[in-house]
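Readers should treat all values here as calculations from the given coordinates under stated rules, not as data from a laboratory. The shown structure was predicted, so the numbers you read here are calculated from the model rather than taken from an experiment. In this analysis, Cβ positions are derived from the backbone assuming ideal geometry, glycine residues included, and neighbour counts consider all displayed protein chains.
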Amino acid sequence: MSGYRSEPPFEHGRLPAVGVLLVNLGTPEAPTAPALRSFLREFLGDPRVIEEPRWKWWLILNLFILPFRPRQSAALYEKVWQEDGSPLLNCSLRLGEELAARLARTIGSPLHVAIGMRYGNPSIPHALTELRDKGCSRILVVPMFPQYSATTVASVFDAVSAELTAWRVVPSLRTIHRYHDEPAYIEALAESIREVWERDGEPEKLLFSFHGIPLRYFEAGDPYHCECLKTARLVAETLELGAERFDVAFQSIFGKEEWIKPTTDVTIRAMASSGVKSLDVICPGFSVDCLETLEEIDQLNRGFFLENGGERFRYIPCLNDRPAHLRMLAELIRKNLGGWAIDAGEWSLESARAEAEASRRRREELAAAGSPADAGYGAGS
């Protein structure tokens, strides 16, 4: 018995389409301990995230983390949960819808956008199946992580590959690995900062806070740290900031081993204690706001700054579904769809339908003539 999943019969005359799979990290189903236990089991069980011998990590995860951490994490998610659900998922879905509409205005040939979460729902398998069912034989995978890390981007590719191993008809694939230094991305970040400064004035310091990774991952060759520094440098140059006006730090430390430094909490406390009175923090490694930005930065680290002598703390939100973010993603996607998608002015729906109809008729003619197609075998197009 084959291990491949059954698929709908090949349909002669169907218009070929291109799919864009946008992938974010993921979110629990609800801010509850059971939901967090399921989410953390999948997230922390990923060998890309935790590079430990599987037997050893299984014991740690199941005996020391999952019995206790879900309740703590649920309390944190409760602080940022919205009436209609997860802020990360809600914004990701809006971004997907708006991006599909924007792309449709410039791309004439059929194109569909689906949202997948690396952990939780809607899952990557669900999103890929959605694109397949819409006739997408070519799929561009876009992990929404600007800076490459094996813990994020490579993990997305693992999940995509794992799903496709069960498909009988595998689509053509393209992948985007990083966009940490794309000019449109840098300008979008700079624009979001300028808007705040023009409205409310500039701070003494600007802090770029990125998610951390264990130091040994960096020492093993992960380029994430370097790409974070480049993003910060390019944004600072665009804003014409001197080196004394900005810093870079890393947040969301987990476990007891050493992570890349400096850490965000230590940096913010030190700034306030040294006399910095006004601080703005931006998190360019996150494409949309989530627990790590809304709770860890805007609530927890805000408290660290004010408790240690700081007076004005501002969190500058992620790019979310800002027009500049949509423009940047659309530009990035169009660039990577070269040869796959046809511009609106160059593509004709009538011609495409006529070609598809001709293919269907040829199949019917072959079947009527008693060709193998009549027995259900492929007869070409």
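Per residue, the convex hull spanned by the Cα atoms of the chain amounts to 168 cubic angstrom. Going by neighbour counts of Cβ atoms within 10 Å, the residues Tyr119, Tyr224, Tyr148 line up, fewest first, as Tyr148, Tyr119, Tyr224.
Seen from Ala150, the other residues with C-beta closer than 15 Å to its C-beta sum to a net charge of -3, counting Lys and Arg as +1 and Asp and Glu as -1.
For Phe250, Phe304, Phe64, what ranking results if the residue with the fewest other Cβ atoms within 10 Å of its Cβ goes first? By the 10 Å Cβ count, ascending: Phe64, Phe304, Phe250.
Taken one residue at a time, the phi angles of region 322-331 give Karplus couplings (6.51, -1.76, 1.60, θ = phi - 60°) of 4, x, 5, 5, 4, 4, 5, 5, 4, 5 Hz. Gly and Pro are set to x.
Close amide-amide hydrogen proximity is noted between Trp259 and Leu215, each under 5 Å apart and 5 or more residues distant or on a separate chain (H modeled in the peptide plane; Pro and chain starts excluded). 3J(HN,Hα) along region 139-146: 10, 9, 9, 10, x, 8, 10, x Hz, from the Karplus curve 6.51 cos²θ - 1.76 cosθ + 1.60 with θ = phi - 60°, whole Hz, x for Gly and Pro. The alpha-carbon atoms of region 189-343 define a convex hull whose volume equals 142 cubic angstrom per residue.
Here the alpha carbons of region 11-55 define both size measures, Rg and Dmax, at 17.7, 51 Å.
Only beta bridges with both residues in the chain are counted; by DSSP, about 10 percent of them are antiparallel. Between amide H atoms placed 1.01 Å from N, distances below 5 Å from Gln251 occur with Phe210, His211, Gly212, Thr264, all of them 5 or more places distant or on a separate chain. Under the combined filter of DSSP loop state and at most 11 neighbouring Cβ atoms within 10 Å, region 192-264 retains these trypsin sites (Lys or Arg not before Pro): Lys256.
Under 5 Å between amide hydrogens, built in the peptide plane, is the criterion, and for Ser123 it picks out Met117 among residues at least 5 positions away or on other chains. Annotation for region 218-248 versus region 2-61: alpha-carbon center distance of 31 Å.
GNM, the chain, Cα, under 10 Å: largest mean-square fluctuation among Ser172, Ser252, Ser278? It is Ser172. Here the Karplus curve 6.51 cos²θ - 1.76 cosθ + 1.60, taken at θ = phi - 60°, turns the phi angles of region 236-241 into couplings of 4, 5, 4, 7, 6, 8 Hz, with x standing for Gly and Pro. Lysine pair count for the chain with Cα-Cα distance under 28 Å and sequence separation of 8 or more or different chains is 15. Legend: ranking of residues Ser92, Ser137 from fewest to most surrounding C-beta atoms inside 10 Å; resulting order Ser137, Ser92.
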